[in-house]
1. Among the residues of segment 25-47, which ones are in contact with a helix residue (DSSP H, G or I) (Cβ under 8 Å, 6 or more places away or on another chain) and surrounded by 11 or more Cβ atoms within 10 Å (Cβ to Cβ)?
2. Residue 46 fails exactly one of the following numbered conditions: (1) under 10 Å from the mean Cα position of the chain (by Cα); (2) within 16 Å of the ligand (Cβ to nearest atom). What is the number of that condition?
3. Go through segment 26-49 and count every residue that is outside any loop (DSSP other than H, G, I, E, B) and within 18 Å of residue 8 (Cβ to Cβ).
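Bear in mind these aren't lab numbers, they're just calculated from the coordinates by the rules spelled out. All values derive from a computational prediction rather than experimental measurement. Note that each Cβ is placed from the backbone with ideal geometry, even for glycine, and that neighbours are counted across all protein chains shown.
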Ligand SMILES: [Zn+2]
């Protein structure tokens with residue numbers, strides 16, 4: 001799986017409300033800032049890394 005495809009799969013899971021482990025610290029879970037179906041930002045609950053989808 002290439003990087004773009006992997007990122008796409010991760011975003012799809014997050015949109016479904018599934019737990020996605022943070023790529024940065026490998027410990028935290030990416031949590032939506034707001035509603036998981038409409039937010040443009042997810043944040044790691046461990047290290048605080050943000051994933052923006054603008
Ligand atoms: Zn993290």
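1. Of everything in segment 25-47, those that are in contact with a helix residue (DSSP H, G or I) (Cβ under 8 Å, 6 or more places away or on another chain) and surrounded by 11 or more Cβ atoms within 10 Å (Cβ to Cβ) turn out to be 30, 32, 36, 42.
2. Failed condition: (1).
3. 4
Let's see how each residue does on (1) touching a helix residue (DSSP H, G or I) at 6+ places or on another chain (Cβ under 7 Å); (2) within 13 Å of the ligand (Cβ to nearest atom); (3) at positive phi:
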| residue | (1), (2), (3) |
| --- | --- |
| 5 | no, no, no |
| 17 | no, no, yes |
| 20 | yes, yes, no |
| 23 | no, yes, no |
